[in-house]
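Each value in this text was obtained by applying a stated rule to the coordinates, not by laboratory testing. From a predicted model like this one, the values you see are computed outputs, not experimental measurements. Cβ placement follows ideal geometry from the backbone for every residue including glycine, while neighbour counts extend to all protein chains displayed.
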Amino acid sequence: MPAPRSKPLLEWEPLPFLVVLLLLLLTGIVRPQAAPWLLWPFVLLIVAAVAWLVVGLVRGGRPANPDRWGDLTDLEGLELVDATRVERAVRTVVPVVDTYRHQPAIELARLHGGTEQHAVLVPRASRWLSRRYRVGVQLVGGDRPRHAGFLGAAADDRWRELLDGRRERGAYVRVPALVTGGSRPFGVELDLSGLEALAADDD
């Protein structure tokens, strides 16, 4: 089955908030003096929506690794598969996108792990308010993983199925990473040459 490109609508975090807000706006129309056949189903609908919201908040507060946005808290208990660098005459690297949003995390990863380290690729990651699934990049040099951004669209399209297939088997792929720049804004480049060997193994 193909890897999903977006979250199911019912798993989208803002949806319960939007439903409750809409129902609260409708209270201006459905008054307490409304007919019972309208009032009581509406009240039950509000109660169900608030319960859905509370359940979502409780579930969201439970620790998970990776969490529902694809962030890693640590590497404990995760199966990691190394996609080691393939030596070539010309080295090819892929830049990580959205690094401007994660400059403090990248700076800490560089401070603790140096400029050359590894990154774990986490499929089905996303940003808050977005339903779109992306492949998250977690720098793992130093004391703990730190979110650096996402794979670009071209790399995401090319490697999504491979990475998601590994995730379904409980494994995450680790690739060589390079933090570029001597000061902010830092960039992150990934060497994905080893993914081709993993893809060949899956075939």
Next on the checklist: So if I place +1 on the C-beta of Lys and Arg and -1 on the C-beta of Asp and Glu, and nothing else carries charge, what would the dipole magnitude of segment 79-202 be about its Cα centre? I want it in debye, nearest 20.
Outcome noted: 520 debye
Next on the checklist: Looking at the chain as a GNM with Cα springs under 10 Å, which of VAL50, VAL120, VAL173 has the largest mean-square fluctuation?
Outcome noted: VAL50
Checklist entry - Which residue, GLY114, GLY141, GLY187, has the most motion in a Gaussian network model of the chain that connects Cα atoms within less than 10 Å? => result GLY114
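Rule-of-thumb check for segment 9-61: C-alpha Rg over 2.2 N^0.38 Å?
It is 1.26.
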Checklist entry - In a GNM of the chain with a 10 Å cut-off on Cα contacts, which of HIS118, HIS147, HIS102 has the highest mean-square fluctuation? => result HIS102
Next on the checklist: If I stretch the segment between LEU10 and VAL55 completely, what's the gain in nm (0.36 nm per residue apart, minus their alpha carbon distance), one decimal?
Outcome noted: 14.9 nm
Checklist entry - Taking the Cα atoms only, what angle lies between the long axis of helix 103-113 and the longest principal axis of the chain, rounded to 10 degrees? => result 40 degrees
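Within the chain, which is the longest segment containing none of the GluC sites (Glu not before Pro) that sit in a DSSP loop and have at most 12 other Cβ atoms within 10 Å?
Result for the longest clean stretch: 88-203.
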Checklist outcome for this item: For the chain, the charge dipole (Cβ of Lys, Arg +1; Cβ of Asp, Glu -1; about the Cα centre) points to a positive end, and the Cα of ALA200, LEU44, PRO123 closest to that extreme belongs to LEU44
Checklist outcome for this item: With Cα coordinates, the longest principal axis of the chain makes an angle with the long axis of helix 36-61, in degrees rounded to 10, of 20 degrees
Checklist entry - Given (1) 47, 35, 27; (2) 58, 54, 30; (3) 78, 42, 30, which label gives Cα extents along the principal axes in Å as computed from the coordinates? => result (3)
Checklist entry - Tell me, in nm to one decimal, what length is gained between ASP157 and LEU25 on full extension, where the rule is 0.36 nm per residue of separation less the Cα-Cα distance? => result 43.4 nm
